[in-house]
Structure formats: C-alpha cells, structure tokens
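Below: the structure, in structure tokens.
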Amino acid sequence: MSQLVGYSGRPRGYGRLDGPRYGKVTSTGRAVGALMAVSRDAIEAVGLLDEDLFAYVEDVDWALRVKRAGLDVVFAPGARAWHRVSASTGGEAASTHTLYYGVRNTVTVLERERPLGRVGNELRRRAILATFLTHALTRANRFEALQAVRAGFGDARRRRLGRREDR
C-alpha cells in the first residue's frame, strides 16, 4: 500500500543498531543508489538508472524495474559502505534539491510504474504534495523549501524531467 501513495520506504535497517536480525541475505523492497552493487544480468535486463530523473528516487525506479523483470533486490549484510547523505546537492539541511527532486521524481516514478487512473493518480499526487509540503515546513529555510516543493510538483505535472536549472 505504501508504494501506491508515494512512500518508497526506508532501506532495511535504516537508523537502527546493527545486530543479528541483519545477519542474513534477505530480499528487500529497494536499495540505496549510492550503496548498490549491481550484477551485469540486472543491467542487461533493465538498463541503468534513469538519467532523466537526475537525482533522488531513481534508485526506487530502478528497483521497481528489476522486480518487474523477475529479478530480486537483496540486502547483503557483509557489504560495508559509507555515504554522506545528500552531499552531492549541498546536504539536506542547506539545500532544497532533495525536496524538488523528491516530489518531482516520486510523482513521476509512481505514475509510470504504478498508475492508478485519473482519479487515483490525482489523489496520490495530493498525498505526495502534502507530505513534501509538511516536510518543507520543518526546514530552517522554510520559504525556499516550500518554493522547491511547488516547483518540483509543477514540473512533475508538466512531465519536465532532467537536471533542474540553477535558480
């Protein structure tokens, strides 16, 4: 249900202490793009990440395509990686890129991969917009954050993809 309304979920174990429950290779709903190890078979079956999405949610899109191709996305407990979240866009606290691309790409990917019809898509869009607007209100740069959500949502509706022009 959560993927229908727009929440792609946190990766397995996000924000939790490591422990025995994370000690087995396990099927998972998604992978973090910055932390994926991808097989050649998967790339040949579904291609690379969608460059039109540019940043954020492209890993969710890719995982959905992998599953549709009959392959699996798995959690590998022995793998180790370090990632500075949102560093490529200036960091989540300072930059509004996470909000812009997040709302734009969430709407885009779900309408492409999980269409619900005209009414269902519109209801889901409103839920996604409300979620991102609420998150924007928690930011120190509230005005810029709200503008980024509005711009990203508008670009999703107009199907305007690719890298956002610097403003």
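Summary of values
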read-out	value
Candidate set from segment 26-50 (those that are in contact with an Asp or Glu (Cβ under 8 Å, 6 or more places away or on another chain) and at pLDDT 90 or above); member that is farthest from Phe153 (Cα to Cα)	Leu49
Residue check, Gly23 modelled with pLDDT under 90, in contact with a Pro (Cβ under 6 Å, 6 or more places away or on another chain) and outside the structural domain of Glu113 (by TED's automatic domain parsing)	yes
Matching entry among Gly90, Gly70 (being farther than 17 Å from Leu110 by Cα and modelled with pLDDT of 90 or more)	Gly70
Per-region count, segment 121-167, residues farther than 18 Å from Thr96 by Cβ and either charged (D, E, K, R) or without any contact (Cβ under 8 Å) to a residue 40 or more places away in the chain (or both)	9
Meets criteria (modelled with pLDDT under 90, surrounded by fewer than 12 Cβ atoms within 10 Å (Cβ to Cβ) and part of a loop (DSSP other than H, G, I, E, B)) for Ala81	yes
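The values are calculated or read from the model by the stated rules, or taken from the named source; none is laboratory data. On a predicted model such as this, the values are computed, not experimentally measured, just so you know. No Cβ is skipped: glycine too gets one built from the backbone with ideal geometry, and neighbour counts run over all protein chains shown.
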